[in-house]
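To start, the structure under review is shown below, and the notes come after it.
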Amino acid sequence: MEIASKYDPGTTEKKWYEYWMNHGFFHSEPDEREPFCIVIPPPNVTGVLHMGHMLNNTIQDVLVRRARMQGKNTLWLPGTDHASIATEAKVVEKLRLQGITKSSITREEFLEHAWEWTRKHGGIILEQLKHLGASCDWERTRFTMDPKMSEQVIAVFVDHYKKGLVYKDYRMVNWDPSALTAISDEEVYYVEGQSKLYYVRYKVEDTEDEWVTIATTRPETILGDTAVCVHPEDPRFVHLHGKKVIVPLINRVVPIIVDEYVDREFGTGALKVTPAHDINDYNLGQKHKLETVDIFNDNGTMSVAARLYVGEDRFTVREKIVKDLQAAGNMVKIEDYLNKVGYSERSHVVIEPRLSLQWFLRMPELAKPALEVVMNDTVKFHPAKYKNTYRYWMENVRDWCISRQLWWGHRIPVYYLPNGEFVVAHNPAEALEIANKQYPGLNLKETDLRQDEDVLDTWFSSWLWPVSVFNGITEPDNADIKYYYPTNDLVTAPEILFFWVARMIMAGLEYRKDIPFKNVYLTGIVRDKLGRKMSKSLGNSADPIELMEKYGADGVRVGMLLTSPAGNDLPFDEELCEQGRNFSNKIWNALRLVKGWSVANDAEMAPSSAMAIEWFEAKLCQSLEVIDDHYAKYRLSDALMTIYKLIWDDFCSWYLEIIKPPYQQAIDKATFDKTTGFFERLMKVLHPFMPFITEEIWHMLEDRTEGDCIMIAQAPRLSAYNEKNLAEFEFAMQVIITVRSIRKEKNLPIKEKLTLFIRDKQPEQRSRVFDPVISKLCNLEKIEDTDNEMEGALSFVVKSTEFYIPTGEKIDLSAEILRLEGELTYTQGFHDSVVKKLSNERFVNHAPSQVVEMENRKKKDAEDRIQVLLGQIRLLKGNT
């Protein structure tokens, strides 16, 4: 077979992905096999692939491909999220560029534009995932605004309303002045920064010159003040109880109220109260029945109720009002102040606390069982450290504001009647039927009903994802939901642990009486070399498509996972992808080497090859055991590194070197067959991480029938292995490495055969099985035992065994003593570190017995080695 000198990832990836797709290898239907299911965290429908997606989806694909090779009926279900705020913002911007404002067109016209945008851009990210090698069942692709998906979202709203969990109320919400909608507490992030604290004085009514000074970071909100509050036990203000003050600039007379809420140590001890624009002030206003004055318009400009600066932006007004307060004599002083400011996660503008009429979902009742299943590990978090974060959120859960002032999304199924009442229904026809039953005298027509203008929070559809993708809300007994639910693994980011993970658990328990997934793998953040989060705004984010074109999809997958332990951030460096590409080339060159050998059918197997085969069989089985343990603990980076070393070091650097036939000679058929068998098994183990090159090599190792692909092949199974064999080869490796090092150090030609003498205290106990391997790789004429120390020979020690290499040349005794003393210093240091560990009672009492036993063996080996080295040094010094 003619094999290209260089691996071509681009051609290979396209060829095999099309082949897998054409043969339906990604598709799943319920059958008698054990199911394995992952539902993709749906990316925004208008999004494009970024490095976070790359990491998340590579991990998912590794898990899915491994399960597939274990014989499970695997389903990785893809889809996209309609992303109300993000998508609407893009459509509004598109219309703006066309000279159209949202307010100038009808809702229906706007939605036509939104659907057009979605159809044009919605599939981009899914196509990019194919480039990565994602083995999703594309026939089952879902979109949160699909008719069946939407039907389930509406059904859940109606159901929760009937259960008394959905209600409408005036509440303080986080208002996004850019997106023009309310957002939930979880969609607000806080940035600490240098601000100003303004001290402003209010004149006490009916006094000549008495003032109350307050401190605020937001002087523009003074225009909405309806009280000043002091602590009832603060002696500075006792004489002002029951009096009134005059709000500066607008001369509104407001009461001085008393409440223990006030922190006497902050600022001046007097608190301005603005019920419409601060949650704590709102609570005070409710308690003391204060007037509420909303001074902001939806877009963050001043409203008519502000009386001053009407129509001007809030931050412009802040600058102006400070000057006006100074001019009026009300500004006492201004201090620097460090505080945290809330920003919208969606639009990245400063949010405005605002009193607004919104729809809410009661959460405490849903949160309790969802907390329990995580704390008792029915749902396991990887890493488990996030359980504490989860518990804090769930124990402090607040009602969820589920309405958004947008047009793109699931419109709230509430229908208002001419008499001021409303009904909740799945559709207008049902709403009309309910309304006429409740109010028969109105003789209503469908046109008399007015549906709520708001849409539901995007997360209100996402929280149903593991259930709704199988139509489990509206068709609770269908074959798919009964077979695939609960799903197995969820791979997501810690920052949406409450947004999404917690709510999915709530919804699953509510509507399926079961958890939605068994394991949650929490990825870290992809950061650059400076530790900064990769983002477009910083310009430090690599383009995933460009990386894949440069290094191949397999190379990038390996690069992403080599340093990506669960829950920890990934310090990404493009050199990691280069390392992945180099790994591909290493494997490719190994294939070319093996397939380039001529095979002699009648040749006998060399003793060194026989021992190499026995050793590598044990090494492979041992590595499979370690890899399986890493998978079980979701240590995918560790699993990959184990495979990487197994292939690069053990297979390529050792095994192939041992069995390689002499130049221009043939290899015996038995060794060749064993070698290709090992190669196949290695490719199976590697396939979940590097699907493309492993499929290519699978088909090059031998002729395959149509459809005989590695991605559906059975994964190698665990089997018993000879641990003694591994230990003996480890010893032989140390001998080989040292002999080669001495050759290099002493400039002894590779082609010159050497004799190796071995002095062992108990020669009858020394295994000779790997002597043929040592002889071949060290080019030895013979290996002999000796009872005596050998003068005039190069020497070294492995464990407590002494080795001598006569060279017939005069040895530089001083240099040899220096070398041995260096070895002695290192060994003594190693011995001391082991002794220190064994003297630690906590370690000895808590470590597994086999670990303690291994440390004791290390101590004994080091002690023996020290004695041998001391003896060799004494001998050499006696000859100087």
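Of all residues in segment 852-875, those that are under 15 Å from E789 (Cα atoms) and not charged (D, E, K, R) total 8. Of all residues in segment 131-165, those satisfying the criterion of being farther than 30 Å from K14 by Cα, of a type in the set (A, V, I, L, M, F, W, C) and in a helix (DSSP H, G or I) are M149, V153, I154, A155, V156, F157, V158.
Please tell me if Y343 is in contact with a Leu (Cβ under 7 Å, 6 or more places away or on another chain) and either closer than 28 Å to Y198 by Cα or without any contact (Cβ under 8 Å) to a residue 40 or more places away in the chain (or both). The answer is no for Y343.
Checking each residue in segment 264-296 for being among the hydroxyl-bearing types (S, T, Y) and crowded, with 24+ Cβ neighbours inside 10 Å picks out only T274. Of all residues in segment 331-348, exactly one satisfies the criterion of being surrounded by fewer than 14 Cβ atoms within 10 Å (Cβ to Cβ) and assigned to a loop (DSSP other than H, G, I, E, B), namely H348.
Looking only at residues of segment 387-404 that are among the hydroxyl-bearing types (S, T, Y) and open to solvent by less than 40 Å² (accessible area, probe 1.4 Å), we find that the one that is nearest to D298 (Cα to Cα) is S403.
Per-residue answers, yes or no, for (1) assigned to a helix (DSSP H, G or I); (2) small (G, A, S); (3) modelled with pLDDT of 95 or more; (4) surrounded by fewer than 17 Cβ atoms within 10 Å (Cβ to Cβ):
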residue: G580; (1), (2), (3), (4): yes, yes, yes, no
residue: V594; (1), (2), (3), (4): yes, no, yes, no
residue: A618; (1), (2), (3), (4): yes, yes, yes, no
residue: C621; (1), (2), (3), (4): yes, no, yes, no
residue: V626; (1), (2), (3), (4): yes, no, yes, yes
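Contact map, segment 635-656: first residue open to solvent by 60 Å² or more (accessible area, probe 1.4 Å), second residue modelled with pLDDT of 95 or more and of a type outside the set (D, E), Cβ cut-off under 8 Å, separation 6 or more or different chains; pairs are D638/H630; W648/F583; W648/K586. From the list V64, V92, V156, the one residue that fits, being more than 30 Å from R557 (Cα to Cα), of a type in the set (A, V, I, L, M, F, W, C) and open to solvent by less than 10 Å² (accessible area, probe 1.4 Å), is V156. When you scan segment 664-673, do you find a residue that is within 25 Å of G559 (Cα to Cα) and open to solvent by less than 10 Å² (accessible area, probe 1.4 Å), even just one? No, because not a single residue in segment 664-673 is within 25 Å of G559 (Cα to Cα) and open to solvent by less than 10 Å² (accessible area, probe 1.4 Å). Restricted to segment 57-103, and to residues that are modelled with pLDDT of 95 or more, part of a helix (DSSP H, G or I) and in contact with a strand residue (DSSP E or B) (Cβ under 7 Å, 6 or more places away or on another chain), which residue is farthest from R33 (Cα to Cα)? Result: I59. Per the listing I742, I712, the residue uniquely surrounded by fewer than 18 Cβ atoms within 10 Å (Cβ to Cβ), among the aliphatic types (A, V, I, L, M) and touching a residue at least 12 places away in the same chain (Cβ under 8 Å) is I712.
If you go through segment 628-646 and pick out every residue that is closer than 30 Å to A606 by Cβ and out of contact with any Phe, Trp or Tyr (no Cβ under 8 Å at 6 or more places or on another chain), you end up with 3. When you check D477 against the structure, is it surrounded by fewer than 16 Cβ atoms within 10 Å (Cβ to Cβ) and modelled with pLDDT of 95 or more, yes or no? Answer is yes for this residue. Within segment 776-783, one or more residues are at negative phi, out of contact with any strand residue (DSSP E or B) (no Cβ under 8 Å at 6 or more places or on another chain), assigned to a helix (DSSP H, G or I) and of a type outside the set (K, R). Considering only residues that are more than 18 Å from H53 (Cβ to Cβ) and either modelled with pLDDT of 95 or more or part of a helix (DSSP H, G or I) (or both), which ones fall in segment 554-578? Within segment 554-578, E575, E578 meet the criteria. Scanning segment 1-51 for residues that are crowded, with 19+ Cβ neighbours inside 10 Å, assigned to a loop (DSSP other than H, G, I, E, B) and of a type in the set (F, W, Y) turns up Y7, F26. In summary, V501 fulfils each of the numbered conditions (1) assigned to a strand (DSSP E or B); (2) open to solvent by less than 10 Å² (accessible area, probe 1.4 Å) with the single exception of condition (1).
Within segment 667-697, the set of residues being part of a helix (DSSP H, G or I), of a type outside the set (A, V, I, L, M) and under 23 Å from L561 (Cα atoms) comprises F679, E680, R681, K684, P691, F692, T694, E695, E696. In segment 851-873, the residues that are over 22 Å from G822 (Cα atoms) form Cβ pairs under 8 Å with partners that are assigned to a helix (DSSP H, G or I) and modelled with pLDDT of 80 or more, at six or more places apart or across chains, as follows: V852/L838; V852/F843; V852/V844; E855/V834; E855/K837; E855/L838; N856/L838.
In this structure, does I256 turn out to be in a helix (DSSP H, G or I), open to solvent by less than 20 Å² (accessible area, probe 1.4 Å), under 20 Å from T213 (Cβ atoms) and in contact with a helix residue (DSSP H, G or I) (Cβ under 6 Å, 6 or more places away or on another chain)? Criteria not met by I256. Of all residues in segment 769-786, one or more are open to solvent by 50 Å² or more (accessible area, probe 1.4 Å) and under 24 Å from I866 (Cα atoms). For the residues E319, E220, E312, the requirement of being open to solvent by 20 Å² or more (accessible area, probe 1.4 Å), within 19 Å of W175 (Cα to Cα) and at pLDDT 95 or above singles out E312.
Conditions (1) in contact with a Pro (Cβ under 9 Å, 6 or more places away or on another chain); (2) polar (S, T, N, Q); (3) more than 15 Å from Q128 (Cα to Cα), marked per residue:
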| position | (1), (2), (3) |
| --- | --- |
| E2 | no, no, yes |
| S5 | no, yes, yes |
| P9 | no, no, yes |
| K15 | no, no, yes |
| P30 | no, no, yes |
| F36 | no, no, yes |
| V45 | no, no, no |
| R68 | yes, no, yes |
| G71 | no, no, yes |
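Is it fair to say D812 is farther than 30 Å from E657 by Cα and over 54 Å from the mean Cα position of the chain (by Cα)? Yes, satisfied. Of all residues in segment 259-285, those being free of Cβ contacts under 8 Å to residues at least 24 places away in the same chain and either in a strand (DSSP E or B) or over 43 Å from the mean Cα position of the chain (by Cα) (or both) number 0.
Evaluated against (1) modelled with pLDDT under 95; (2) among the aliphatic types (A, V, I, L, M); (3) surrounded by fewer than 18 Cβ atoms within 10 Å (Cβ to Cβ), V304 falls short on exactly one condition, (1). A count restricted to segment 193-212 and to residues that are surrounded by 19 or more Cβ atoms within 10 Å (Cβ to Cβ) and more than 25 Å from V238 (Cβ to Cβ) stands at 1.
The values are calculated or read from the model by the stated rules, or taken from the named source; none is laboratory data. Keep in mind that this is a model prediction, so the values were computed, not measured. Positions of Cβ are generated from backbone atoms using ideal geometry, with glycine treated the same way; all protein chains shown enter the neighbour counts. Remember, those area values only see protein heavy atoms, side chains included, never the ligands or the DNA or RNA. Shrake-Rupley method; radii C 1.70, N 1.55, O 1.52, S 1.80 Å.
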